[in-house]
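One structure below.
The values are calculated or read from the model by the stated rules, or taken from the named source; none is laboratory data. On a predicted model such as this, the values are computed, not experimentally measured, just so you know. Cβ placement follows ideal geometry from the backbone for every residue including glycine, while neighbour counts extend to all protein chains displayed. In case anyone asks, the SASA skips ligands and DNA or RNA and just uses the protein heavy atoms, side chains included. Shrake-Rupley method; radii C 1.70, N 1.55, O 1.52, S 1.80 Å.
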There are 2 protein chains.
Amino acid sequence: METIEQILESKNIRVTAMRLLIYKFLAENQVAATLSDVENAFEKADRTTLYRTVKTFVERDIVHQIDDGTGIVKYALCEQNCSCEIETDLHLHFHCNNCNETVCLTEHKIPKIKVPDGFVSENINLVVKGMCDKCSGQ
Amino acid sequence: METIEQILESKNIRVTAMRLLIYKFLAENQVAATLSDVENAFEKADRTTLYRTVKTFVERDIVHQIDDGTGIVKYALCEQNCSCEIETDLHLHFHCNNCNETVCLTEHKIPKIKVPDGFVSENINLVVKGMCDKCSGQ
DNA sequence: AAAATAGATGCATTGGAAGTGCATTATTGC
DNA sequence: GCAATAATGCACTTCCAATGCATCTATTTT
């Protein structure tokens with residue numbers, strides 16, 4: 001089991017108190033978090049720091065960015081060994097229209113998508129919307 | 001062939017000069033348009049009017065809203081008889097990372113997506129990103 | 001046809017989120 | 001410990017979405 005310190009070091013970014021806290025926060029959360037969520041969790045910290053920390057995490061493939069159609073970007077930790085940029089590794093996201101939460105369905109990979117001739121597919125964003133298990137009442 | 005007037009009337013919204021113009025603009029455009037695009041096309045008109053006109057179109061299923069991950073919502077006319085809200089009718093969108101244009105691939109329907117027990121799928125948003133036919137150089 | 005009502009448009013303004021420049025503080029390597 | 005580098009915090013800007021209210025236009029009612 002890798003420690004958070006080791007994960008950060010392996011990505012060549014410095015281990016700081018702030019980064020450890022934000023990592024832990026994202027790890028404890030089952031659902032994808034917005035920047036506001038992070039801000040609310042760390043009210044003493046500056047917005048910019050949180051913003052740039054998360055941005056660094058995204059650049060180093062520690063967290064991936066989710067666009068669930070709400071217009072607000074959400075963030076979630078990548079799986080161990082996940083390579084977000086590789087098309088075949090992409091999982092799908094579920095956005096609940098009721099509770100507004102977005103979760104990663106990591107076990108559900110995105111099926112192969114055909115595009116017309118001349119189009120080159122590099123990346124796929126797939127968001128399923130509806131009612132999550134908690135809200136559908138079972 | 002339905003006229004634009006008939007289309008608007010069938011959706012129970014009033015036919016106005018502005019609405020006809022915006023409809024025509026969207027119909028002539030192959031690519032999905034942002035609100036800024038609409039604003040640039042009708043510089044004499046007020047931003048709010050354009051904003052609300054497009055919003056009305058979305059509410060009445062005349063245009064559909066596309067979230068291609070750029071953070072800026074784009075709009076495109078629905079196909080004739082399209083029922084955006086019905087899952088089986090959903091087509092996919094292609095966003096070109098090079099020219100930043102987004103097109104509807106209306107002939108490419110979204111494959112059936114399985115979600116875990118307890119989750120109820122109501123809608124699917126699928127955006128493929130990469131290079132479009134114009135930019136891939138063929 | 002005139003009055004009453006509903007809807008569309010325009011102006012001003014607000015709010016929220018993303019992003020940046022710069023000074024300050026902390027961390028690392030020597 | 002010192003210099004170099006990176007992280008953090010503050011102030012500010014920009015961009016887009018959204019709304020309240022006044023005005024204008026069109027439809028409906030009598």
When DSSP beta bridges are limited to those with both residues in segment A:4-130, what percentage is antiparallel, rounded to the nearest 5?
75 percent
Along Cα→Cβ at 7 Å, what distances in nm separate the B:GLU39 label point from those on the other copies, shortest first?
2.2
Could you work out which residue, out of A:LEU90, A:LEU20, A:LEU126, moves most in a Gaussian network model of chain A, that is, has the largest mean-square fluctuation with Cα springs under 10 Å?
A:LEU20
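Once A and B are treated as a pair rather than alone, how much accessible area drops out, both sides summed, in Å² to 100, probe 1.4 Å? Walk me through the numbers before you get to the answer.
On the way: alone 9030 and 9020 Å², together 15390 Å².
So the total buried area for this chain pair works out to about 2700 Å².
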Expressed as a whole percentage, what fraction of the accessible surface of chain A belongs to carbon and sulfur atoms when a 1.4 Å probe is rolled over the protein heavy atoms?
47 percent
Shielding of B:58-68 by partners, i.e. mean partner chain Cβ atoms within 10 Å per residue?
1
If you average the C-alpha positions of segment A:24-85 and of segment B:53-69 separately, how far apart do those two centres end up, in angstrom?
28 Å
How high is the relative contact order of chain B? Use alpha-carbon pairs under 8 Å, at least six apart in sequence, and give a whole percent.
19 percent
On Cα atoms only, tilt of A:17-28 relative to the major axis of chain A in degrees
40 degrees
Please report Rg (one decimal) and Dmax (integer) in Å for the Cα set of segment B:9-84.
11.8, 33
By what distance, in whole Å, do the Cα atoms of the protein assembly as shown stretch along each of the three principal axes, largest value first?
65, 49, 39
Rounded to 10°, Cα long-axis angle of helix B:47-59 versus longest principal axis of chain B
50 degrees
Compute the accessible area per residue over segment A:28-75, keeping the other protein chains in place, probe 1.4 Å, unit Å².
55 Å²
Compute the signed sum of charges (Lys and Arg +1, Asp and Glu -1) over the other residues within less than 13 Å, Cβ to Cβ, of B:PHE25.
-2
Put the label 7 Å from Cα along Cα→Cβ for B:VAL73; what are its distances to the other copies, in nanometres, shortest first?
2.0
With only helices counted (DSSP H, runs n ≥ 4, each -39500 (n - 2.57)), the per-residue ellipticity at 222 nm for chain B, to the nearest 500, works out to -8000 deg cm²/dmol
Radius of gyration and Dmax for segment B:4-130's Cα atoms, expressed in Å?
15.4, 52
